[in-house]
Amino acid sequence: MDSLPDNAAGAGTPAVLSRFRLDFHACLTARADELSELADAVLCADGPVRSLAGLSLVAGHRRGHGALYDAVNAGRIDIARLRRSLAGLPLPRSRAGRIQ
């Protein structure tokens, strides 16, 4: 889960991504590791996701399809905490400082 160093806070975009990944993982209250890998697989998939079983073949997903179904059936997300994490992200800005 910690692909970027945790001590990179305030260092720019990689630090923001690293912090969000840690916050997102903390929002997952059951089957956190598998749900996190499932989110990575969705983001790394080439094109639209057509089936859950197909996600288990994406490089970002390192577990079998049984773990994927277990995460979907038994995994839990603290929605209020996720909402706060998303609201705390900086808005993307152009070089001139305008919100994009």
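The values are calculated or read from the model by the stated rules, or taken from the named source; none is laboratory data. Not measured: the values here are computed from a predicted model. Here the Cβ positions follow ideal geometry from the backbone for every residue, glycine too, while neighbour counts run over all protein chains shown. Heads up: the accessible areas ignore ligands, DNA and RNA and are worked out on the full protein's heavy atoms, side chains in. Shrake-Rupley method; radii C 1.70, N 1.55, O 1.52, S 1.80 Å.
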* From (1) open to solvent by 20 Å² or more (accessible area, probe 1.4 Å); (2) in contact with a His (Cβ under 9 Å, 6 or more places away or on another chain); (3) at pLDDT 90 or above, pick out the condition that doesn't hold for residue 36. => (1)
* Would the stretch 40-59 turn up any residue that is of a type in the set (Gly, Ala, Ser), touching a Gly at 6+ places or on another chain (Cβ under 6 Å) and at pLDDT below 90? -> yes
* Would you tally the residues in the stretch 40-67 being surrounded by 17 or more Cβ atoms within 10 Å (Cβ to Cβ) and either among the charged types (D, E, K, R) or out of contact with any helix residue (DSSP H, G or I) (no Cβ under 6 Å at 6 or more places or on another chain) (or both)? => 2
* To do: May I ask you to list the residues in the stretch 75-87 that are of a type in the set (Gly, Ala, Ser) and open to solvent by less than 60 Å² (accessible area, probe 1.4 Å)?
  => 75, 80, 85
* Structure fact -> Within the stretch 19-33, residues being crowded, with 16+ Cβ neighbours inside 10 Å and in contact with an Asp or Glu (Cβ under 7 Å, 6 or more places away or on another chain) number 2
* **Evaluation of residue 4 against (1) at pLDDT 90 or above; (2) open to solvent by 40 Å² or more (accessible area, probe 1.4 Å) (one fails), failing number** => (1)
